[in-house]
Amino acid sequence: KSNYSRAFAGGYTHIFSPNTILNLRYGYTQTSFSIFDQPAGTDFINALNFSLTAPAKNNLPLGPGVGIANGYTGVSQFAAPVGPQKNSDYHADLSKVVGNHTVGVGGMYYRIHSFDDGWQYTMNFTQNGTAVDGTQGGTGYGPASLLVGTPDSYTPWVGNTAEDQIINWYGFYAQDQWRIRKNLVLSYGIRYDYITPPTFSKINSGLDVLTGIFHVTGPVLPLFPKAVGPSSYYSAQTNGWQPRFGFVYQPHSKTVIQGAFVIIDDHNNTLIEEQSDIRLSWPSGIF
């Protein structure tokens, strides 16, 4: 499969006066990339009587990934189509000079539409399959377990293992750069981010280990006639207060002292982990 990406960007600057400037910007990105091992092939899978256990998905007949204990190298079969990822980014910034102050305010809107998938079928052979007492530290041998066909574990990724997700991200800020003296400048401000709960394309589920409640985002008969918990599964991210403070001080013509303090929330990583964790949940896709 071919990988591709495309991007568009544009901006507009309006000068109200020499002291007041407005900047508007828009950006759009679309990316898609795939990571595939060379498929084992239908003939190989049929020879193993593996076609019913793991039928070809997206026309990719993957065989089992095999792990062998006792220092032997196994083989792997894995597919990970990711994309298209469609992101739209809107920004508005207004700056104004008032005496010794340069005040800035602005906001952003970030719409994230992402698709992620991946599947494999893993079978591990350890000492357990040929051990006298069936324990990991027993008398067994990994290659021997492979030869007699006694796997220790089998972990298939089956069903709808993909996730199509939409998230809206809003950010606002205000800041001031204050030239107190010719050789001393202070910068301070505050930013706030709010990220809406995600919208998923399928029913997801998971156990809340703090409360012991099993959440499911939609009805799954007969066990769950209605949803348990929010339809988005995750709550909105509202802890987005991020203060900033910095200074520049020049005590001498050849000496400059700078310092800064900021709090930054890693929302990007949180969103990535949310999608990765939820896409293999019951009842749509499991492993």
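Classify segment 120-171 as rounded, prolate or oblate from the Cα gyration tensor: take a ≥ b ≥ c as the square roots of its eigenvalues, call it rounded if a/c is under 1.5, otherwise prolate when a/b beats b/c and oblate if not. It comes out prolate by the Cα gyration axes.
Normalised by the number of residues in segment 84-200, the mean separation of alpha-carbon contacts (under 8 Å, six or more apart) gives a relative contact order of 26 percent.
Projecting the Cα atoms of VAL185, LEU223, GLY140 onto the dipole axis of segment 115-242, where Lys and Arg carry +1 and Asp and Glu carry -1 at the beta carbon, places VAL185 farthest toward the positive end. Computed log10 I(q)/I(0) for segment 82-155 at 0.21, 0.23, 0.27 Å⁻¹: -0.88, -0.96, -1.09, from the Debye equation with unit scatterers placed on every C-alpha and solvent omitted. Just checking the listed ones, TRP169, TRP178, TRP157: in the Gaussian network model of the chain with Cα springs under 10 Å, the one fluctuating most is TRP178. Magnitude of the charge dipole for the chain, about its Cα centre and with charges confined to Cβ atoms of Lys, Arg (+1) and Asp, Glu (-1), is about 1360 debye.
Of the accessible area of the chain, with the probe set at 1.4 angstrom, what percent is carbon plus sulfur? Intermediate values should be presented prior to the final figure.
Working: 10010 of 16880 Å².
The computed percentage sits at 59.
Two numbers describe the Cα atoms of segment 15-123: Rg and Dmax, which are 26.1, 81 Å.
For segment 55-102, what class follows from the C-alpha gyration tensor (a ≥ b ≥ c being the square roots of its eigenvalues): rounded when a/c is under 1.5, otherwise prolate if a/b is larger than b/c, else oblate?
oblate
Report summary: the helix-based calculation at 222 nm, which adds -39500 (n - 2.57) for every DSSP H run with n ≥ 4 and divides by the residues of the chain, gives -2500 deg cm²/dmol. For segment 119-173 versus segment 208-241, the spacing of their alpha-carbon centroids is 27 Å. Only Cα sites of segment 130-287 enter the Debye sum here, all with the same form factor; the resulting log10 I(q)/I(0) across q = 0.09, 0.10, 0.12 1/Å is -0.60, -0.66, -0.77, listed in q order. If only the Cβ of Lys and Arg carry +1 and only the Cβ of Asp and Glu carry -1, the dipole of segment 173-287 around its Cα centre is close to 620 debye.
Counting alpha carbon pairs within less than 8 Å and at least 6 residues apart, what relative contact order, in whole percent, applies to the chain? Working shown, then result.
On the way: 675 pairs, mean separation 39.6, N = 287.
Computed value for the chain: 14 percent relative contact order.
Coordinate range of the alpha-carbon atoms in segment 1-59 per principal axis, descending: 77, 18, 12 Å. Across the alpha-carbon atoms of the chain, the computed radius of gyration and Dmax are 27.4, 86 angstrom.
Report the FRET efficiency, 1/(1 + (r/R0)^6), for THR13 and LYS254, where r is their Cβ-Cβ distance and R0 is 41 Å, rounded to 0.05. Present the calculation step by step, with values, prior to reporting the outcome.
Details: r = 36 Å, r/R0 = 0.88.
Efficiency at R0 = 41 Å is approximately 0.70.
Computed on the Cα trace of segment 201-248, the radius of gyration divided by the Kirkwood hydrodynamic radius gives Rg/Rh = 1.33. Model label sites at TYR90 and TRP178, defined 7 Å from Cα along the beta-carbon direction, differ in position by 3.3 nm. At full extension, ALA56 and THR73 could sit 3.6 nm farther apart than now, given 0.36 nm per residue minus the alpha carbon distance.
The values are calculated or read from the model by the stated rules, or taken from the named source; none is laboratory data. Only a predicted model underlies this, so the values are computations on that prediction, with no experimental measurement involved. Cβ sites come from the backbone with ideal geometry, for glycine too, and all protein chains shown count toward neighbours. Just the protein is used for accessible areas: all its heavy atoms, side chains included, with ligands, DNA and RNA removed. Shrake-Rupley method; radii C 1.70, N 1.55, O 1.52, S 1.80 Å.
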